Amino acid sequence: MSRLIGEAFAEWRECRAAFDEVLHSAYTRAEIATNGALLNDRGRRAEVDAVSLFMGPQVRAHAYASPELLEHWEEHPRVTYAEFERQWVAAREAERWAA
């Protein structure tokens, strides 16, 4: 593996680990705020994993989210990995320019 590819993989792993922390925190905060009511009836019938609502497309998340979760997201918007990655990369580049 080339040095460039190795560095890119290491940076991706670092970003992914940071996102996993954000995801866990967002899920826990939502679970507390909704008293565990994260899925609507349709989501429960389909046996949707509630964690998946925090990662996938917004259309799917809104299709299976409970009214309580949708209300929670109004105050604490969900962040997908793609959005998080863009913010993370921008912050890293700003740090590099500042150094």
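The values are calculated or read from the model by the stated rules, or taken from the named source; none is laboratory data. The structure displayed is predicted, hence computed values, not measured ones. Cβ sites come from the backbone with ideal geometry, for glycine too, and all protein chains shown count toward neighbours.
If you take the residues in region 7-27 that are surrounded by fewer than 13 Cβ atoms within 10 Å (Cβ to Cβ) and of a type in the set (F, W, Y), which one is nearest to the chain's Cα centre (by Cα)?
Looking at the filtered set, the residue picked out is W12.
Please pick out the residue among D41, D49 that is under 18 Å from H24 (Cβ atoms) and acidic (D, E).
Sole residue among the options that is under 18 Å from H24 (Cβ atoms) and acidic (D, E): D49.
Those residues that are surrounded by fewer than 19 Cβ atoms within 10 Å (Cβ to Cβ) and among the β-branched types (V, I, T), I need them from region 28-56; list them, please.
Those that are surrounded by fewer than 19 Cβ atoms within 10 Å (Cβ to Cβ) and among the β-branched types (V, I, T): T28, I32, V51.
So for region 60-73 (the condition being modelled with pLDDT of 95 or more and under 30 Å from A8 (Cβ atoms)), does at least one residue qualify? It would help to see each step written out before you state the result.
To start, the set of residues in region 60-73 that are modelled with pLDDT of 95 or more comprises 60-73.
Applying the additional criterion that residues be under 30 Å from A8 (Cβ atoms) yields 60-61.
So far as region 60-73 goes, yes, one or more of its residues are modelled with pLDDT of 95 or more and under 30 Å from A8 (Cβ atoms).
Check R42, R78, R13, R60 and return the single one that is of a type outside the set (A, V, I, L, M) and either touching a Pro at 6+ places or on another chain (Cβ under 9 Å) or not in a helix (DSSP H, G or I) (or both).
R78
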